[in-house]
Amino acid sequence: MFTGVADYLPRLKGLLYRLAARPPKLPVDGRRFFLLRRLLQESEPRPPAVEIDPCRDLATLMFTGGITGVPKDAKLTYYNLAANVLQVDARWNQGSTPTIMSLPLLPWFHIYGQTVVLHVGIYRAATILVYLRFEMERILADIGRYRANIFHGVSTIYSKIPSLQEEKLRRYNLRSLEVCISGAGALLRAVAERFEKLTGAKLREGYGLTEASPVTHINPIYGRVNVGSIGIPVPSTLAAVADPDRPVLLPPGEVGEIVVSGASGDAGLPRRGGD
């Protein structure tokens, strides 16, 4: 099935876009294909009832390069996605309705942005602020304007915000921020402490992988925090460190490879607000 930007624009703007942008034409090798625009025009607005098995039927093929750099697809079921939403929500355990910042560094076609920002945001009935490009001063202004209380980013963003001159930072009201999550790389202690001092928000590091939908670990929002670590497993998740050369689990303090076992369809979804 094929679609493009022009399919989502009004008729005149779509025509102008095709003339100005000259989007590339995809070669067709003779196999059957469909145009989304034509399907929408020719189909009745009554989708057929479809029965699915949430634990076994695929919801998405989420592509990832992983540490190998070779693109591959992770096969995720409806249960995989729903379970991880509840696991993340249980760790946050926020009482207020969130307003979430959705940055271009975390696109929704990437598992971090799709699950932790989009799906959790929908589950929490959140307001999601979406940005097409990273404009730091605009984003900082919008935190105060929209009273954003949850911010997702990577360690480089949290290091750039405190690097602004003090007088420039004073122009922005960042005190609505409650929880900020850092992923996709190690969070330095100095960066976390500086950011928390400036904003009053709790900055926590998490860890995951596409195959796990993706979150497996996160530092607790409240209580003891070990800055520079990936935190503790989310509910219904087991984790250990294994010998990379032998099928043996290692004792605490040893160096090895992390192994993770997540929620299974037979165990039931984790309940909201607790393990």
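Values in this text are rule-based calculations from the coordinates and carry no lab data. Just so you know, these numbers come straight off a predicted model, no measurement behind them. Note: ideal-geometry Cβ built from the backbone for every residue, glycine included; neighbour counts use all protein chains shown.
Hey, got a sec? Which chymotrypsin sites (Phe, Trp or Tyr not before Pro) in segment 170-213 land in a DSSP loop and have at most 11 other Cβ atoms within 10 Å?
For chymotrypsin sites (Phe, Trp or Tyr not before Pro) across segment 170-213 that sit outside H, G, I, E and B with at most 11 neighbouring Cβ atoms in 10 Å, the list is empty.
Once fully extended, how much extra length lies between R246 and F109, figured as 0.36 nm per residue of separation less the alpha-carbon to alpha-carbon distance?
Between R246 and F109, full extension yields an extra 45.7 nm.
So if each residue of separation counts as 0.36 nm, and I subtract the Cα-Cα distance between L9 and A190, what length gain in nm does that give?
60.6 nm
Pairs of lysine in the chain with Cα under 26 Å and at least 8 positions apart or on different chains: total?
Step by step, the pairs that qualify in the chain add up to 7.
According to a simple spin-label model (label point 7 Å from Cα along Cα-to-Cβ), what is the distance in nm between D53 and L132?
With each label placed 7 Å out from Cα toward Cβ, I get 4.4 nm.
Ordered by residue, what ³J(HN,Hα) values in Hz, to whole numbers, does segment 235-242 give under the Karplus form 6.51 cos²θ - 1.76 cosθ + 1.60, where θ = phi - 60° and Gly and Pro are x?
Running phi through 6.51 cos²θ - 1.76 cosθ + 1.60 with θ = phi - 60° gives x, 6, 10, 10, 9, 8, 10, 10 Hz.
If you consider only alpha-carbon coordinates, what radius of gyration and Dmax does the chain have, in Å?
When restricted to the Cα atoms of the chain, Rg and Dmax are 21.5, 65 Å.
Enter the mean projected area of the convex hull around the alpha-carbon atoms of segment 103-156, in nm², rounded to one decimal.
So the mean shadow area of the Cα hull is 3.8 nm².
Ranking request for peptides 212-218, 187-193, 146-152: highest mean number of other beta-carbon atoms within 10 Å first, then the rest in descending order.
212-218, 146-152, 187-193
Could you compute the FRET efficiency for A21 and K75, with r as their C-beta to C-beta distance and R0 at 51 Å, rounded to 0.05?
Approximately 0.95, to the nearest 0.05.
With runs of 4+ DSSP H residues as the only contributors, calculate the mean residue ellipticity of the chain at 222 nm using -39,500 (n - 2.57) per run, divided by the residue total and rounded to the nearest 500.
That comes out to -7000 deg cm²/dmol.
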